[in-house]
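Step one of this worksheet: look at the structure below.
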Amino acid sequence: MTVHLLKLCVGVDTLSDLRDWQKGRLALRRKEGRPQEICHITRQTPKRRDAVLDGGSLYWVIKGVIQARQPILDLRPETREDGKAACAIVLSPELIPVRPRPRRAFQGWRYLDSADAPPDARGPADSDLPLEMAGELRELGLIDV
């Protein structure tokens, strides 16, 4: 059974900011001659590896709201710059907007069952509408983002 990961996206204000940051990281990796892949390095390795790699995604919490997901391609051992063991979460370059859902702050990452994951958004992929406005428009049935 598929399980997802949930992670706070610290230092980013919008989905466009995250997209731009990841493009910058890819450019840096290219310049350094490293593989062109998006990796998020974390201290803990998910123990439910098989369930995560069975179609799981990393759901990003931006400014207290789950806003997007990225399919997880691999989980592999990594060594941090300080020499400590870590886990590289290898992500698809595709950022998929989801229907916004509030989420309180937490440390590290959390598992997210498929039944609890917000559905993908249907609408403008780069919608940077203020969340309150998007919520009101959604309640009025004017958008489905």
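Build a GNM of the chain with springs between Cα atoms under 10 Å: which of ASP50, ASP82, ASP120 gets the top mean-square fluctuation?
Sorting by GNM fluctuation, first place goes to ASP82.
Taking the Cα centre of region 3-139 as origin and charging only Cβ (+1 Lys, Arg; -1 Asp, Glu), how large is the dipole, in debye to the nearest 20?
460 debye
At 7 Å along the Cα-to-beta-carbon direction for both GLN107 and GLU94, put a label point, then send me their distance in nm to one decimal.
3.5 nm
Relative to the longest principal axis of the chain, what angle (0 to 90°, nearest 10) does the C-alpha long axis of helix 15-31 take?
In the chain, helix 15-31 runs at an angle near 20 degrees to the longest axis.
Please give every one of the lysines within straight-line cross-link reach of LYS31, meaning a C-alpha to C-alpha distance under 21 Å, and leave out same-chain neighbours fewer than 8 residues apart.
LYS23
Could you estimate the translational diffusion coefficient of region 19-114 from the Stokes-Einstein equation, with Rh from the Kirkwood formula over C-alpha pairs, at 10 °C and 1.306 mPa s, in whole µm²/s?
It comes out at roughly 110 µm²/s.
DSSP loop (so not H, G, I, E, B), at most 15 other Cβ within 10 Å: list which GluC sites (Glu not before Pro) in region 1-109 pass both filters.
Taking region 1-109 and a limit of 15 other Cβ atoms within 10 Å, the loop GluC sites (Glu not before Pro) found are GLU32, GLU37, GLU81, GLU94.
Within region 79-104, name every residue whose backbone N is under 12 Å away from a label modeled 7 Å from Cα of ASP120 along the Cβ vector.
Residues passing the 12 Å test: 94-99.
When the chain is treated as a GNM, springs tying every alpha-carbon pair under 10 Å, which of ALA115, ALA105, ALA51 comes out with the largest mean-square fluctuation?
Answer for the Gaussian network model of the chain: ALA115.
No value in this document is a laboratory result; all are computed from the given coordinates. Just so we're clear, the structure is a prediction, and the values are computed from it rather than from any experiment. Glycine also receives a Cβ, built like all others from the backbone with ideal geometry; neighbour counts cover every protein chain displayed.
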